[in-house]
2 protein chains.
Amino acid sequence: MGSAANNLVSTEEDPVNYGVLDHMLGYKLRRAQLTFFNSFSAACSDLGVSPGLFGVLVVVKENPGLTQTAVAKALANDRSAMVGVVDKLEKMDLIERRLSKKDRRSYALFMTPYGLKFYEKLIKRVSDQEEELYKLLKPGEKEMLLAILDKFD
Amino acid sequence: MGSAANNLVSTEEDPVNYGVLDHMLGYKLRRAQLTFFNSFSAACSDLGVSPGLFGVLVVVKENPGLTQTAVAKALANDRSAMVGVVDKLEKMDLIERRLSKKDRRSYALFMTPYGLKFYEKLIKRVSDQEEELYKLLKPGEKEMLLAILDKFD
DNA sequence: GTACATATGTTGTGCACTAAAACAATTTAT
DNA sequence: ATAAATTGTTTTAGTGCACAACATATGTAC
């Protein structure tokens, strides 16, 4: 089966009717995001970096000294979720918690020297992975998407 | 605080630099999808319907008699995840499993009469909710988004 | 027809993400 | 000084997702 050129007894199933889902942005966003998530995982799971961890890395790298709750707020995450994420990134020696001198309740987050080197390698991976997906688009469509999606947060 | 018109002592934090995230479609998709997910939940959680359940309902309604794995494949879900979903929808008396006569391994899925009535109410809720979000867009942008996002699955 | 491979629904497991509540330590407001 | 709010943390619970394994049933090869 499979090599036989018999297109009378079609092996392919009837096409599925998606009804209203075909016009629902929420559903299409979920599907597209799943594609990007899987692509990211395939490219970076061996480095132990998930999309969630990556976001924290970027924000800490671009904003040295931010507190955990500030990072959480920036990424629309819950404060409590940051604990495990920062623990993990600290164990990977990518970022570090320093005691804040202004507010002894909070930690200030910084990249480690190794974290900065790691970040460069990571960025390369992520960029290549995204470029691969952008090949599916026509010139300008990516920018259009980014601009429109920004309206939803 | 809050009513005082004192914009010299700004209470707002320094703006966060998002670095490469600002140009990453994967990240923006995640944020936008989160908005839609929360909006959907706010509109339909009292009916006990999540986005995932809704997708199954639509596919079963539009394709009566489909098997569980066919529905799973159509929605890019895992077979094993369908068990719990169909169990839940059956307990809500929205769909039913019928023994397939052609293949005694599989179930054929159908909407119940009550499920069909429920579906009408549900569609109204979901449409209203999505319309609310579409107000953030200019005419034509929704269709543009749908067309471009389709390229990613 | 028998033996082997495949498909289906199901169960169980593990992992990650999410949200909410509660708490001690600290800071801020009154 | 007292009360209220904030920070990081822990705990808990719920969800979703992916993978492996299994019994049942179907299909294929010989």
Legend entry - Inter-copy separations for A:Thr112, label at 7 Å along Cα-Cβ, nm, ascending: 5.7
Inset, instruction - Determine the relative contact order of chain B: mean sequence separation of Cα pairs under 8 Å and six or more apart, normalised by residue count, in whole percent. - result: 19
Inset, instruction - Please report which chain B residue places its beta carbon nearest the axis carrying chain B onto chain A, with the distance rounded to a whole angstrom. - result: B:Gln33, 2
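Efficiency by 1/(1 + (r/R0)^6): what FRET value for A:Lys138 and A:Lys117, r their Cβ-Cβ distance, R0 = 30 Å, to the nearest 0.05?
0.25
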Inset, instruction - Determine the distance separating the Cα centre of the range B:58-102 from the Cα centre of the range A:76-98; give it in Å without decimals. - result: 39
Legend entry - Spacing of the two label points (7 Å from each Cα toward its C-beta) at A:Asp87 and A:Asp14, in nm: 5.1
Legend entry - Exam field: A:Met144 pseudo-label spacings to other copies (7 Å along Cα-Cβ), nanometres: 0.6
Legend entry - Proxy reagent accessibility, fewest Cβ within 10 Å first, across A:Ser100, B:Ser39: A:Ser100, B:Ser39
Inset, instruction - For A:Pro64, go 7 angstrom from Cα along the Cα-to-Cβ vector, then report the distances to that same point in the other copies in nm, smallest first. - result: 6.7
Inset, instruction - May I ask for the angle, rounded to the nearest 10°, between helix B:113-134 and the longest principal axis of chain B, with both axes built from Cα atoms and the value confined to 0 to 90°? - result: 20
Inset, instruction - On a 0 to 90° scale, report how tilted helix A:79-91 is relative to the longest principal axis of chain A, with both axes built from alpha carbons and the result rounded to the nearest 10. - result: 80
Legend entry - Hydrodynamic radius (Kirkwood) for the protein assembly as shown, which is based on Cα pairs only, to one decimal in Å: 22.4
Inset, instruction - For A:Phe37 and A:Ser106, calculate 0.36 nm times their separation in residues minus their Cα-Cα distance, and state this gained length in nm to one decimal. - result: 21.7 nm
Inset, instruction - Positive end of the charge dipole of the range B:1-134 (Lys, Arg +1 and Asp, Glu -1 on Cβ, about the Cα centre): tell me which of B:Pro64, B:Gly115, B:Tyr134 has its Cα farthest that way. - result: B:Pro64
Inset, instruction - Evaluate peptide B:53-62: per residue, the Cβ atoms of other protein chains within 10 Å of its Cβ; return the mean as an integer. - result: 4
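Inverting the mean 1/r over all pairs of different Cα atoms, compute the Kirkwood radius of the range B:1-150 and quote it in Å. Mind showing how you got there, number by number?
Details: mean 1/r = 0.0536 Å⁻¹.
In the range B:1-150 this quantity evaluates to 18.6 Å.
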Inset, instruction - Calculate the dipole size of the range B:48-128 relative to its Cα centre from +1 charges on Lys and Arg beta carbons and -1 charges on Asp and Glu beta carbons; express the result in debye to the nearest 20. - result: 240
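Hey, what did the range B:48-128 get for relative contact order, percent, Cα under 8 Å, at least 6 apart?
Worked out over the range B:48-128, it gives 30 percent.
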Inset, instruction - Return the subset of A:Lys28/B:Lys101; A:Lys61/A:Lys91; A:Lys73/A:Lys142; A:Lys73/A:Lys138; A:Lys28/A:Lys138 for which the Cα-Cα distance in this structure is over 23 Å, preserving the input order. - result: A:Lys28/B:Lys101; A:Lys73/A:Lys142; A:Lys73/A:Lys138
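Values quoted throughout were computed directly from the atomic coordinates according to the rules given, and no laboratory measurement underlies them. The structure presented is a predicted model; accordingly, all values stated were derived computationally and were not measured. So basically every Cβ, Gly included, is an ideal-geometry build from the backbone, and we count neighbours across all protein chains shown.
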